[in-house]
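Since the structure comes first, as structure tokens, the remarks are kept for the end.
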Amino acid sequence: MRSQFSTILRPLLTAAVLTLAFHVPVQAQPLSNPVATFAGLDKITGRITRFDVYIDETVLFGALEITPRACYNRPSSDTLQRTSSFLEVNQMSLDGESERIFTGWMFADSPALNAVDHAVYDVWLIECKTSTNVPPPDQR
């Protein structure tokens, strides 16, 4: 009985595994970009500022030092977060000391998912770009 069961079941299981193997969606590789565009809100003035930052460049937004380390896009057909950036954010004190307040991935499609938690400033990712009209740091 067991022999008959395995001779019937084995081809069915093989067919099921092969069917599943060919129906798994293939995810496109993310595209790396040299520029990240962020928006920042100053909660005191209510002013929103949009700014471009090169990867590994540090910029000041109020008392925050923002340094993106990577910025990726995925095709619009991809079901994952399509635009993401890994960044580090430090808060500068009045005496010039800095304290890391955020390290992690930020997603343009879900800005509240991993947000910079600060009393005065909000910062979120808008997009990743291949170019900007801001000159690179070594040309300033």
Estimated dipole of the stretch 68-107 in Debye, rounded to 20 [Cβ of Lys and Arg +1, of Asp and Glu -1, Cα centre]: 340 debye
Theoretical FRET efficiency, 1/(1+(r/R0)^6), r = Cβ-Cβ of T130 and T45, R0 22 Å, to 0.05: 0.10
Accessible surface, the stretch 22-131, averaged per residue in Å² (probe 1.4 Å): 58 Å²
FRET efficiency estimate (nearest 0.05) - Cβ-Cβ, D109 to L60, R0 35 angstrom: 0.85
Rounded accessible area of E127 (nearest 10 Å², 1.4 Å probe): 60 Å²
Rounded percent of accessible protein surface that carbon and sulfur make up, the stretch 64-114, 1.4 Å probe: 47 percent
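The values are calculated or read from the model by the stated rules, or taken from the named source; none is laboratory data. Only a predicted model underlies this, so the values are computations on that prediction, with no experimental measurement involved. Here Cβ is always computed from backbone atoms with ideal geometry, including for glycine, and neighbour counts include all displayed protein chains. Surface areas here come from the heavy atoms of the whole protein model, side chains and all, with no ligands, DNA or RNA. Shrake-Rupley method; radii C 1.70, N 1.55, O 1.52, S 1.80 Å.
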